[in-house]
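J.: My questions all concern the structure below.
All of the numbers you see were taken from the coordinates with simple rules; none came from a lab. Keep in mind the model is a prediction, meaning the values are calculated, not measured. Cβ atoms come from the backbone with ideal geometry, glycine included; neighbour counts cover every protein chain shown.
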Amino acid sequence: MVNLLDNVKPRPSDESIKNERVKEYVQLMRIAEEVEREIKKRARELQDDEKQEAFEALSLEYNLPPYVTVRDAADIMGISPQMVRRHCAEGKLAAQQTFEGSGKWRIEAKQLMSQPNWDRFIEKRARIKTQSLGLADEVIQSFQDEE
């Protein structure tokens, strides 16, 4: 890992921290906060074709689905599922109703990249991918042990 801490300017409040590991932890939290702000800023600045390219790259990396559920969209957008359904019905979101009048929608995931909780969605997908890979490794290992 590139030593990110070398590029962090100390703050006056850092002087009160005695433990070096605690100081590094606090600095890393500041870096994470700054990175999160920068990610959101850059996501808002992307043009449609750039969003598509970014979404395709992220899809490969984190196994993102092309469509999300109302619940996922609500979590990503930080609003209620009912508001998401309303946005879908009003055409404010690119979405298709799966069954007429059911309240179930397929919502294009790429349009949500600039939403407040997109990063949490990516983290969730990364955890799912890691867990799936771990499970697959266990299954492979159990088959190899049987041979």
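J.: Helix 20-45 against the longest principal axis of the chain: what's the angle in degrees, Cα atoms only, rounded to the nearest 10?
T.: Helix 20-45 sits roughly 30 degrees off the main axis of the chain.
J.: Looking at the stretch 79-147, which trypsin sites (Lys or Arg not before Pro) are in a loop (DSSP not H, G, I, E or B) and have at most 16 other Cβ atoms within 10 Å?
T.: Loop-located and lightly packed - 92, 104.
J.: Which listed residue (10, 26, 43) has the Cα farthest towards the positive end of the charge dipole for the stretch 1-45, taking +1 on Lys and Arg C-beta and -1 on Asp and Glu C-beta about the Cα centre?
T.: Farthest towards the positive pole: 43.
J.: Over the residues of the chain, compute the C-alpha Rg and express it relative to 2.2 N^0.38 Å.
T.: 1.40
J.: May I pose another question? If each DSSP helix of 4+ residues adds -39,500 (n - 2.57) and the sum is divided by the residues in the chain, what number results at 222 nm, nearest 500 deg cm²/dmol?
T.: Dividing the helical sum by the residues of the chain leaves -20000 deg cm²/dmol.
J.: Picking from 128, 39, 17, which is most flexible by a Gaussian network model of the chain using Cα springs under 10 Å?
T.: So, out of 128, 39, 17, the one fluctuating most is 17.
J.: Also, I was wondering about something else. Using +1 at the Cβ of each Lys and Arg and -1 at the Cβ of each Asp and Glu in the stretch 95-147, identify which of 140, 126, 95 lies farthest towards the dipole's positive end.
T.: Comparing the listed Cα positions along the dipole, 95 ranks first.
J.: Right, here's the next one. I need the shape label for the stretch 64-147. Rule: rounded when a/c is under 1.5, else prolate if a/b > b/c, else oblate, with a, b, c from the alpha carbon gyration tensor.
T.: It is prolate, given that a/c is not under 1.5 and a/b is the larger ratio.
J.: Under a Cβ-only charge scheme (Lys and Arg +1, Asp and Glu -1), can you give me the dipole magnitude of the stretch 30-115 about the Cα centre, in debye to the nearest 20?
T.: Approximately 420 debye in magnitude.
J.: If you place +1 on the Cβ of every Lys and Arg, -1 on the Cβ of every Asp and Glu, and leave all else neutral, what size is the dipole of the chain about its Cα centre, to the nearest 20 Debye?
T.: 900 debye
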